[in-house]
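What follows is calculated from the coordinates using simple rules that are stated; it is not laboratory data. Because the structure is predicted, anything quoted here is derived from the model rather than measured. Every residue, glycine among them, receives a Cβ derived from its backbone with ideal geometry; neighbour counts consider all protein chains shown.
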Amino acid sequence: MGKFEKILGGLSILLMLLILVFPVPFGLELFTLSMLLLSLCYFFGGFLLFNSIGLKNIGNRKAYEGVKSMRIIGSVLTGFVLSVLVIGILFVYMLWPFGYANLQTGLIMTGIVLIVSIMKNGSTTNDASFYKRMILRVCIIGAVGMILRIIPAETFFEARCSNCPESYIEAQKASIKDPTNKELADKADKERMKMIKGKEESQND
């Protein structure tokens, strides 16, 4: 599970950066898939990750020896929090509706988990490694979330759509600034479809 998490996390960050620099074939689709899988990894496998239990030992009772009830609750809740944060990052990066609401919720919950983990890590020695694993993941994913929260969405959009028609860029930027305006959203969709149609026609010529 740990290796799977590292592969998905590394792939997601790599794609996030590469897409901003130059067009990556199916880059957004691969980024979305990797982030969704990472979210599911935390949601369903948080308990295994934070307690260093491999998938092959999921049915082995000996692997759960010494795992306290509070560690079970803490690892499950932290997995849920990180799952929400990952989804928030995905929604903001992809400019999907309610992205900032999801990201804000994830960051608040992540901050609470970080504070509790630091306090627990300083007051115990038996579970120190457990809390260090939680702190590491919370800090890394939380840092990515904070960057996306601070930098305007228009900046990411302009970077990854530098070769798009100006009419589409302006329409999309207006929709980003006023996400509840249906007219602006419809205009942005029309410009996007016009752009896609133009690309298809140029490829057929």
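With the simple spin-label model, which puts each label point 7 Å out from Cα in the Cβ direction, the L36 to A174 separation comes to 3.2 nm. The relative contact order of the chain, computed from alpha carbon pairs under 8 Å that lie at least 6 residues apart in sequence, is 17 percent. For S175, S123, the sequence from fewest to most other C-beta atoms within 10 Å is S123, S175. Scaled to the globular estimate 2.2 N^0.38 Å, the Cα spread of the chain, given as radius of gyration, is 1.22. Roughly how tilted is helix 182-204, in degrees to the nearest 10 and between 0 and 90, from the longest Cα axis of the chain? So the inclination is approximately 70 degrees.
Which value, in debye to the nearest 20, describes the size of the charge dipole of the range 83-205 about its Cα centre when Lys and Arg Cβ atoms bear +1, Asp and Glu Cβ atoms bear -1, and nothing else is charged?
The calculated dipole for the range 83-205 is roughly 580 debye.
Using r as the Cβ-Cβ distance of K62 and L14, and R0 as 41 Å, what FRET efficiency do you calculate, to the nearest 0.05? In this case the efficiency is close to 0.65. Where in the range 87-179 are there chymotrypsin sites (Phe, Trp or Tyr not before Pro) that are in a DSSP coil and have at most 16 other Cβ atoms within 10 angstrom of their Cβ? Those that pass, being in a loop and sparsely packed, are F98. Ranked for footprinting exposure by Cβ neighbours inside 10 Å, fewest first, S202, S117 give S202, S117.
Given their separation in residues at 0.36 nm each and the Cα-Cα distance between them, L55 and R149 gain 30.4 nm when the chain is fully extended.
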